[in-house]
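First the structure, in the form of structure tokens, and then the observations on it.
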Amino acid sequence: MDEVINVNAENYKDLLKNYIETQDERSLYGVEQVSKALIQKNILPEEIVNLHMQAMEDIYPDLTEDYKHSLNFLLEAMISYGMAHQEYQTLREKQVELKSEIALAANMQNTLLGSPIPEIKGLDIGIRSVPAHDLNGDYHHFSKTADGRLELAIADVIGKGVPAALCMSMIKYAMESYPEENKTPSSILYNLNRVVERNVDPGMFITMLYAQYSPDEKKVIYASAGHEPGFYYNAETESFTEMETKGLVLGVTPETEYQEFEQEMNEGDMAVFFTDGVTEAKDGDRFIETEELLDVIRTYIHLPAQEMVDQVYKYFERLQGFELRDDFTLAVLKK
């Protein structure tokens, strides 16, 4: 390493002297080549400043003390700069690595938690779920029972990032392992609550709504674990009504019972379910009112369910300057 510095020191001194005497830009090209060689050998900035100081003292032995002090000051500044720059580069490399890992985790989450919309007789279904960041703290799941009923789960982890994504995976596989013949909204939430209480950090809670739609009975049966209440749209009266919900969030106490509710659905009626990322959207510094959300839904109510939720999402995306503040999940069941 010392030999490399000594060789480049001579080149540097010759180039510097030539440039001072002639201002020939070819010297600048030469010093660029010297700099590249020093970079390849991981020579630090303060060593280059020291190289310059030695060259100046060789070229001008009678340099004033003030000038020497100024170069010493520059040398100390470069030592501090070099240390800070190394720390910054290390941090940047770690951030790039973390971003890559999070992107991989997000792709895995999409694969593991993906839930295609099933075809249910007499029902039009729409869903839009968009994370505010790479990993989604919201979860939705559709399935179809052997007798043709729709199952819909919507959940929101109080807490974000990788822990939330892991919780969602745990919930999905806990739900799928439950026997179909015993699946009712109340029993699903009861058992998931026990799973969450035993396996999730006490500081992390999960809200969830679980619903079943029966084409034969033309009704939605649902239960809620502290989740946002949905809204029922009555086509005959053209009005929205908040759907009744009660229930403690998942993971608080192990033996929590969950009450079931029913809502009949006639032709043109609609059930709307969502997470708090929808109701807590902001217009500037102001949170939107629930009635504003319903007005937006009314605007697109004539559209098929999927087009409706897509347009509602685009509206709130524009409202928030194309920067979501929270995960957004909106589901519509349209008779």
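Tabulated results
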item: Selection from the stretch 192-203 of residues that are out of contact with any strand residue (DSSP E or B) (no Cβ under 7 Å at 6 or more places or on another chain), assigned to a helix (DSSP H, G or I) and within 13 Å of Val249 (Cα to Cα); result: Arg194, Val195, Glu197
item: Subset of the stretch 91-131 (residues that are at pLDDT 80 or above and of a type in the set (A, V, I, L, M)); result: Leu91, Ile117, Ile120, Leu123, Ile125, Ile127, Val130
item: Neighbours by Cβ (under 6 Å, 6+ apart or cross-chain): first from the stretch 170-193, not assigned by TED's automatic domain parsing to the domain that holds Ala211; second at pLDDT 90 or above and not in a loop (DSSP other than H, G, I, E, B); result: none
item: Residue list for the stretch 132-150, restricted to those being among the acidic types (Asp, Glu) and either modelled with pLDDT under 85 or within 12 Å of Leu209 (Cα to Cα) (or both); result: Asp134, Asp138
item: Single match in Thr237, Thr245, Thr290 (criterion: under 30 Å from the mean Cα position of the chain (by Cα), among the hydroxyl-bearing types (Ser, Thr, Tyr) and surrounded by fewer than 17 Cβ atoms within 10 Å (Cβ to Cβ)); result: Thr290
item: Number of the exception - Ala223 against (1) buried (at least 17 other Cβ atoms within 10 Å of the Cβ); (2) modelled with pLDDT under 85; (3) aliphatic (A, V, I, L, M); result: (2)
item: Checking Glu244 against (1) in contact with a Leu (Cβ under 7 Å, 6 or more places away or on another chain); (2) assigned to a loop (DSSP other than H, G, I, E, B), the condition it does not meet; result: (1)
item: Qualifying residue in the stretch 302-316 (condition: among the acidic types (Asp, Glu), within 25 Å of the chain's Cα centre (by Cα) and either surrounded by fewer than 21 Cβ atoms within 10 Å (Cβ to Cβ) or not assigned by TED's automatic domain parsing to the domain that holds Asp138 (or both)); result: yes
item: Top-ranked residue of the stretch 151-168 - restricted to ones that are assigned to a strand (DSSP E or B) and not aliphatic (A, V, I, L, M), ranked as modelled with the highest pLDDT; result: Glu151
item: Conditions (1) modelled with pLDDT of 80 or more; (2) under 17 Å from Met78 (Cβ atoms); (3) hydroxyl-bearing (Ser, Thr, Tyr): number failed by Ser35; result: (1)
item: Filter result (surrounded by fewer than 18 Cβ atoms within 10 Å (Cβ to Cβ) and of a type in the set (A, V, I, L, M)) within the stretch 198-220; result: Met204
item: Total residues in the stretch 19-55, condition surrounded by 15 or more Cβ atoms within 10 Å (Cβ to Cβ) and hydroxyl-bearing (Ser, Thr, Tyr); result: 2
item: Search result, residues across the stretch 284-298 that are part of a loop (DSSP other than H, G, I, E, B) and over 15 Å from Tyr313 (Cβ atoms); result: Gly284, Asp285, Glu289
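The values are calculated or read from the model by the stated rules, or taken from the named source; none is laboratory data. Note that the structure is predicted; figures quoted are calculated from it, not measured. With ideal geometry, Cβ positions are generated from the backbone for all residues, glycine too; neighbour counts draw on all protein chains shown.
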